[in-house]
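Quick notes on the structure that follows.
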Amino acid sequence: MTTAGDINFSGKRVLVRVDFNVPLNKEMKVSDDTRLRAALPTINKILKDGGSAILMSHLGRPKEGPSDKYSLHHIVGHLTGLLGKPVRFAGDCIGEEAKKMASSLKGGEVLLLENLRFYKEEEKGDEVFAGKLAAMGDYYVNDAFGTAHRAHASTAIIAKFFPSAKCFGYLIAAEISSIDKVLNNAAKPFTAIMGGAKVSDKILILEQLINKADNIIIGGGMAFTFIKAQGGKIGRSLVEEDRLETALKILEDAKKKGVNIYIPTDAVCADSFSNEAAKQNCGKDIPDGWMGLDIGPETERSYAEVIASSKTILWNGPMGVFEMSNFEKGTKSVALAIAAATKKGTYTLIGGGDSVAAINKYHLADQVSYVSTGGGALLEYIESGTLPGVEAIKK
């Protein structure tokens, strides 16, 4: 794998696909700069070599072309502060102004292009659009893991214009390395913790993990589909009636392969989907009119034991509605157990928006081995073994 560390970018104009799809507050200021910071090592390497960096990204999901709400000019000030040098901004990502600004860049300078998704051609993977972007640079670096699962113009198509002048940035290289370590070189026992609302969202990943993991811990709303499939009573808890057979097949396949699947044995229940709802601890059978919104204390303890005995851990998805303070205890207990295991030498990979949000909420990001920047990309990489944006660089 060729990375930015293998290349001398001196005198080169380097097109860098970054993932600056960051949240903005009501004042249109960056409220979480994790993705900006993640791109700094690659950008600084290019600048240190004496190259110039032309940064490309999307922001949000603009539907009708350019709009101030989704303009990347809102992040220029924050990025300038992080880099410690001026960031020039092009009011378009293609066209004469962008070309002129790109061609006039000197070594050590940075240009940020306007939102790529202001053009529908970006998401369509249009080759002509990719060619217009490519014309501005001498070298192409993909450092946007969060969008590497999309065959968009700037993530997959553009690479063909740089047959021998392309590489991975430090971030995407670290992401691939961390996932490969978990999937292909995992120290045993390997435990995968899967949460979230729906079994249907995780079928493919569960099928892959059954071939690799020793233990699979199930939490979140998806757990109730497994519980009902086995004859348990779940009250008004979230369930996918059309996935009951799927859940049973997953359990059966796991058993055949000697994989332990752990399903909640108790739950924190509420009489409505609200933080102010009446709540009670329930066993595996939930009374009519009540819904499970978190794992219960008995499940917390048993999951913590499995986590403590693991040598490799992958966590994707919360154990309950952790955004509500009355139903966050299960997710927090899993996060703390993972941090404790990491301290004892377990390799821990956290991926998926909600898991990352939980790790950050409990200030544990620096107490786990690796926090992935791409939820959808991480899942697709596990499911298929590669991504369009990764393959495009390898070709």
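Tallying residues that are assigned to a helix (DSSP H, G or I) and surrounded by 16 or more Cβ atoms within 10 Å (Cβ to Cβ) within the range 377-387 yields 7. With respect to Lys48, is the statement that it is assigned by TED's automatic domain parsing to the domain that holds Glu114, modelled with pLDDT under 95 and of a type in the set (D, E, K, R) true? Answer is no for this residue. For the range 322-352, taking the residues that are more than 19 Å from Ala186 (Cβ to Cβ) and of a type in the set (Lys, Arg), the one that is farthest from the chain's Cα centre (by Cα) is identified as Lys329. Is one or more of the residues making up the range 172-184 part of a helix (DSSP H, G or I), surrounded by 20 or more Cβ atoms within 10 Å (Cβ to Cβ) and of a type in the set (D, E, K, R)? Yes, the range 172-184 contains at least one residue that is part of a helix (DSSP H, G or I), surrounded by 20 or more Cβ atoms within 10 Å (Cβ to Cβ) and of a type in the set (D, E, K, R). Selection over the range 343-374 of residues that are out of contact with any helix residue (DSSP H, G or I) (no Cβ under 7 Å at 6 or more places or on another chain) and either aromatic (Phe, Trp, Tyr) or not in a helix (DSSP H, G or I) (or both) gives a count of 4. Identify the residue in the range 256-300 that is closer than 18 Å to Val199 by Cβ and part of a loop (DSSP other than H, G, I, E, B) and, among all such residues, is modelled with the lowest pLDDT. Ranking the candidates gives Lys284 first. Tell me, yes or no, whether the range 193-202 has at least one residue that is farther than 21 Å from Ile43 by Cβ, of a type in the set (Gly, Ala, Ser), buried (at least 22 other Cβ atoms within 10 Å of the Cβ) and touching a residue at least 12 places away in the same chain (Cβ under 8 Å). Taking every residue of the range 193-202 in turn, at least one turns out to be farther than 21 Å from Ile43 by Cβ, of a type in the set (Gly, Ala, Ser), buried (at least 22 other Cβ atoms within 10 Å of the Cβ) and touching a residue at least 12 places away in the same chain (Cβ under 8 Å).
Among residues of the range 298-320 being more than 17 Å from Ser355 (Cβ to Cβ) and touching an Asp or Glu at 6+ places or on another chain (Cβ under 7 Å), the one that is surrounded by the fewest Cβ atoms within 10 Å (Cβ to Cβ) is Glu298. Count of the range 140-158 residues, restricted to those that are hydrophobic (A, V, I, L, M, F, W, C) and surrounded by fewer than 24 Cβ atoms within 10 Å (Cβ to Cβ), is 1. Tell me which residues, restricted to the range 238-252, are in contact with a strand residue (DSSP E or B) (Cβ under 7 Å, 6 or more places away or on another chain) and surrounded by 22 or more Cβ atoms within 10 Å (Cβ to Cβ). None; the set is empty. Applying the set (1) of a type in the set (Gly, Ala, Ser); (2) touching an Asp or Glu at 6+ places or on another chain (Cβ under 7 Å); (3) closer than 22 Å to Tyr362 by Cβ to Ala277 leaves exactly one unmet item: (3). Count of the range 123-165 residues, restricted to those that are of a type in the set (Phe, Trp, Tyr) and within 20 Å of Leu387 (Cα to Cα), is 4. Taking the stated definitions as given, is Glu64 surrounded by fewer than 20 Cβ atoms within 10 Å (Cβ to Cβ) and either in a helix (DSSP H, G or I) or within 25 Å of the chain's Cα centre (by Cα) (or both)? Criteria not met by Glu64. Is it the case that the range 239-255 has a residue that's without any contact (Cβ under 8 Å) to a residue 24 or more places away in the chain, in a helix (DSSP H, G or I), aliphatic (A, V, I, L, M) and farther than 20 Å from Pro287 by Cβ? Scanning the range 239-255, I find at least one residue that is without any contact (Cβ under 8 Å) to a residue 24 or more places away in the chain, in a helix (DSSP H, G or I), aliphatic (A, V, I, L, M) and farther than 20 Å from Pro287 by Cβ, so the answer is yes.
The values are calculated or read from the model by the stated rules, or taken from the named source; none is laboratory data. None of these values were measured; they are calculated from a predicted model. Note that we place each Cβ from the backbone using ideal geometry, even for glycine, and neighbour counts take in every protein chain shown.
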